[in-house]
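Written out below as structure tokens is the structure these notes cover.
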Amino acid sequence: MNATKITIKNLAKSFITFRGRVDVLKGIDLEIEPGEFFVLLGPSGCGKSTLLNLLAGLEKPSSGELYFDQELVASATGKFSGPFERDISMVFQSYALYPHMTVEENIAFPLTNLPQVPAPEVMSAKVRETAALLQIDHLLDRKPAELSGGQRQRVAIGRAIVRNPKVCLMDEPLSNLDAKLRNEMRAHLKDLQKKLGVTSVYVTHDQLEAMTLGHRIAIMNNGVLQQVGTPVEIYRAPINQFVAKFIGSPTMNMLTGALLEENSALYLQADGLRIKLPEATAASLRAKNLKQITLGVRPERLYVKSEGEQNLTLPVSVIENVGPEFLVYSFHKQGQIVVRTPEEPTGDNLNLALDAEHLHLFDEQGNRISC
Amino acid sequence: MTRETMIKNFLIFSTGLFLLAFTLGPFIWMLWISLADRADFLVTGKVEYSFSNYYQVLSAHSLHFLDYLTNSLIISTITAVVVTFFSSMAAYAVSRMRFPGRSFVPLLILAMSMFPQISIVGYLFEMFSKAGLINSHMALILPYIAWTIPIALWINMSYFTQIPLDLDKAALVDGAGRMKVLYKIIFPLALPGIFSSALLVFIACFNEFLFAIMLTIDYTAQTLPVGIALFQGLHGEIPWGNLMAASALASVPLVILTLIFQRYIVAGLMGGAVKG
């Protein structure tokens with residue numbers, strides 16, 4: 001097994017343009033464990049692809065250092081190893097197959113660049129073995145133009161793994177595939193990474209891919225790391241509003257308002273909507289003496305309850321039947337509130353209960369308030 | 001067939017026929033005269049067809065046809081090779097690498113080709129006289145390179161920019177050096193562009209007249225267009241038969257080259273590189 005640890009220390013990257021300096025990455029610190037499937041997640045322009053290019057050795061950092069195991073591979077002023085010296089491979093969103101070469105030649109290309117080029121029969125055996133692993137061994141004589149999208153993607157993956165690299169980098173490799181194929185390839189990719197045990201860094205803007213593929217996820221925004229953690233950690237305890245909204249589909253409901261004390265209960269008054277906070281949440285908020293907060297709650301944690309303790313009442317705007325469940329939308333001044341429920345609701349209003357354990361509270365700066 | 005399609009077909013056919021006659025007419029006329037024993041056969045009505053003009057042109061040492069042809073081939077080939085080499089390297093740099101003035105350089109090079117030939121030929125003559133280059137192959141190769149490199153660069157650039165940058169990145173990651181990326185990935189994919197530019201440069205040099213007549217003196221360096229133009233001067237009268245035979249022979253290398261290269265100059269080589 002060829003597992004490498006990646007250490008990123010205070011890494012930054014700026015580009016000089018006609019409009020001045022653009023800071024794409026601002027002081028990234030990160031450790032990626034050997035054999036880990038690590039996902040970089042963020043919206044377009046957040047710097048995730050630039051970070052991947054820095055890891056690949058396609059760009060030089062403006063400051064900071066990058067280590068593969070103990071070895072310094074890039075620093076702003078000193079050492080800089082190219083992609084091949086780092087022994088990395090990369091899968092591109094566009095596949096980037098060489099159109100004038102056959103599938104066999106495409107997969108063999110990295111082997112032909114090795115310092116000691118393997119003998120033709122060794123090379124051919126290696127290519128066939130890789131192709132068999134990806135179930136494309138019957139396509140070796142074809143040119144990329146004769147392949148389907150999924151097959152091309154497999155060839156691109158084959159080219160990336162054929163020489164057992166230390167690190168495999170993937171730049172949104174599935175986003176050009178249709179939805180069905182993407183699901184298939186996602187599972188296939190996860191299985192492959194497990195079998196090979198190679199440290200993998202995967203860039204995506206699709207939170208579902210990140211949640212399902214990654215051992216750990218790093219969420220980025222505006223060139224800054226927001227949160228690093230396992231999918232479950234990030235889903236259950238997002239560190240700020242950005243992360244909370246980015247992870248989960250439908251997105252987390254957010255309501256901002258003032259806290260009001262009434263009849264020994266604590267309420268959140270958000271533009272005409274009055275929410276009674278559960279006692280445990282109220283107690284911890286009282287202790288912090290806050291005036292204004294944002295309450296976040298995931299659609300599946302708003303429980304429809306016709307009797308007993310109710311925390312808020314929502315007018316029903318739209319109901320969507322999505323098969324196993326219903327999504328109920330209520331349009332509000334601060335945006336829409338979504339409730340996920342197994343039963344189709346009746347009536348114009350929905351009475352809902354909250355539970356203290358699954359509430360997310362954020363302060364005025366958007367940071368999580370720990371309760 | 002409706003009336004409309006009939007009119008449409010008629011217009012397409014007749015326009016095509018006209019264009020064909022317009023372009024091929026002079027060529028056929030040239031071949032006809034080159035094969036006739038006398039140029040005034042339309043007046044006299046007496047004519048015999050033979051290859052005697054061709055035989056004369058190729059065998060008469062005083063005409064130096066083969067010298068001119070050799071000069072033309074040497075000068076055009078060397079120019080085309082040198083220009084293709086440098087213009088494709090430059091096109092790669094301009095289309096791939098980040099450096100200050102990246103967008104300015106191609107415009108500057110294009111600006112150079114905007115000077116009319118006549119405005120620089122006098123100075124070139126003086127310069128080459130001092131350098132002792134007048135009446136040598138170099139006297140034509142050097143200005144031809146400078147004269148054709150802008151167009152070759154622009155043709156190559158337009159092809160290179162169509163090749164996705166991801167292919168370069170992929171090849172670099174796969175361990176190829178910049179030179180290997182160039183000759184293993186970029187050049188094979190840009191071949192149609194490289195062949196088109198090479199062919200255009202070759203044809204331009206093969207046909208060029210002004211530099212050739214000003215910077216060369218005799219058959220040791222003169223090219224075909226100049227040589228053919230001199231046929232009349234050498235003999236007092238205008239030897240139409242010989243002139244036309246020489247012109248017909250002069251077009252043979254170009255026809256052959258175009259036939260060889262045209263199968264390379266096809267689009268569609270990029271299929272399957274990236275998601276289309």
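The values are calculated or read from the model by the stated rules, or taken from the named source; none is laboratory data. Predicted model, so just to flag it, every value in this text is computed and none were measured. Ideal geometry is used to build each Cβ from the backbone, glycine not excepted, and the neighbour counts take in all protein chains shown. Protein only, heavy atoms only, side chains kept; ligands, DNA and RNA dropped before computing areas. Shrake-Rupley method; radii C 1.70, N 1.55, O 1.52, S 1.80 Å.
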Where does the charge balance sit around A:Phe326 when Lys and Arg score +1, Asp and Glu -1, over other residues with C-beta under 13 Å from its C-beta? -4
Per GNM of chain A with C-alpha springs under 10 angstrom, the most fluctuating residue out of A:Val328, A:Val198, A:Val39 is A:Val328
Please report the buried accessible area for the interface of B with A, total over both chains, probe 1.4 Å, in Å² to the nearest 100. 2100 Å²
Candidate residues B:Tyr159, B:Tyr123, B:Tyr92, A:Tyr67: accessible-area rank, largest first, probe 1.4 Å: B:Tyr123, B:Tyr159, A:Tyr67, B:Tyr92
When every alpha-carbon pair in chain B is counted, what percent end up more than 31 Å apart? 46 percent
Convex hull around the C-alpha positions of the protein assembly as shown: the volume in Å³ per residue is 284 Å³
For region B:1-151, what's the radius of gyration and Dmax over Cα atoms, in angstrom? 24.3, 72
Using only alpha-carbon positions, what ratio does the radius of gyration of region B:200-262 give when scaled by 2.2 N^0.38 Å? 1.22
Under a cut-off of 19 Å between alpha-carbon atoms, report the aspartates and glutamates in cross-link reach of B:Lys180, not counting same-chain residues fewer than 8 places apart. A:Glu85, A:Asp87, A:Glu104, A:Glu105, B:Asp166, B:Asp168
Could you tell me what percent of the accessible area of chain A is made up of carbon and sulfur, with a 1.4 Å probe and every protein chain present? 49 percent
Determine the dipole magnitude for region A:221-371: charges of +1 sit on the beta-carbon of Lys and Arg, -1 on that of Asp and Glu, nothing else is charged, the reference point is the Cα centre, and the result goes in debye to the nearest 20. 500 debye
tail above 23 Å in the computed P(r) of region A:1-134, as % of all Cα-Cα pairs, reads 45 percent
Across A:Ala210, A:Ala282, A:Ala119, the residue with the highest GNM fluctuation in chain A (Cα network, 10 Å cutoff) is A:Ala119
Local electrostatic count at B:Leu230 - Lys and Arg +1, Asp and Glu -1, tallied over other residues with Cβ under 15 Å: -3
Work through the residues other than A:Glu59 whose Cβ is under 11 Å from its Cβ and net out their charges, Lys, Arg +1 and Asp, Glu -1. +4
Leaving ligands and nucleic acids out of the surface, order B:Met114, A:Met254 by accessible area at 1.4 Å, largest first. B:Met114, A:Met254
For region B:80-206, how big is the tail of P(r) above 24 Å, as a whole percent of Cα pairs? 37 percent
Expressed in µm² per second, the diffusion coefficient of region A:205-244 from the Stokes-Einstein equation, with Rh the Kirkwood radius over alpha carbon pairs, at 4 °C and 1.567 mPa s, is 128 µm²/s
A:Leu255 accessible area, nearest 10 Å², 1.4 Å probe? 10 Å²
How do B:Met214, B:Met6 rank by accessible surface area computed with a 1.4 Å probe, from largest to smallest? B:Met6, B:Met214
Show me, bin by bin at 5 Å from 0, the whole-percent P(r) of region A:214-345 based on Cα pairs. 2, 9, 17, 18, 19, 17, 12, 5, 1, 0
If the only charges are +1 at each Lys and Arg Cβ and -1 at each Asp and Glu Cβ, what is the size of the charge dipole of region A:224-296 around the Cα centre, to the nearest 20 debye? 60 debye
For A:Lys245, what accessible surface area do you get with a 1.4 Å probe? Give it in Å², rounded to 10. 100 Å²
Taking the alpha-carbon distance from A:Lys143 and a cut-off under 18 Å, which lysines remain once sequence neighbours fewer than 8 residues away in the same chain are dropped? B:Lys184, B:Lys275
Using the eigenvalues of the Cα gyration tensor, what equivalent ellipsoid semi-axes result for region A:60-181 when each is taken as the square root of five times the eigenvalue, whole Å, largest first? 28, 19, 11
For region A:156-278, percent of DSSP beta bridges that are antiparallel (nearest 5) comes out at 75 percent
Take the alpha carbon atoms of chain A, find their radius of gyration, then divide it by 2.2 N^0.38 Å using N residues; give the quotient. 1.19
Beyond 20 Å (Cα-Cα) in this structure, taken from A:Lys5/B:Lys169; A:Lys9/A:Lys79; A:Lys13/A:Lys48, we find A:Lys5/B:Lys169
Listed residues A:Pro324, A:Pro144, A:Pro315; largest mean-square fluctuation, Gaussian network over chain A with Cα springs below 10 Å, found at A:Pro324
Averaged over the residues of B:161-170, the number of partner chain Cβ atoms within 10 Å of each residue's own Cβ comes to 5
Under a 1.4 Å probe, counting only protein heavy atoms, A:Asp206 has an accessible area in Å², nearest 10, of 40 Å²
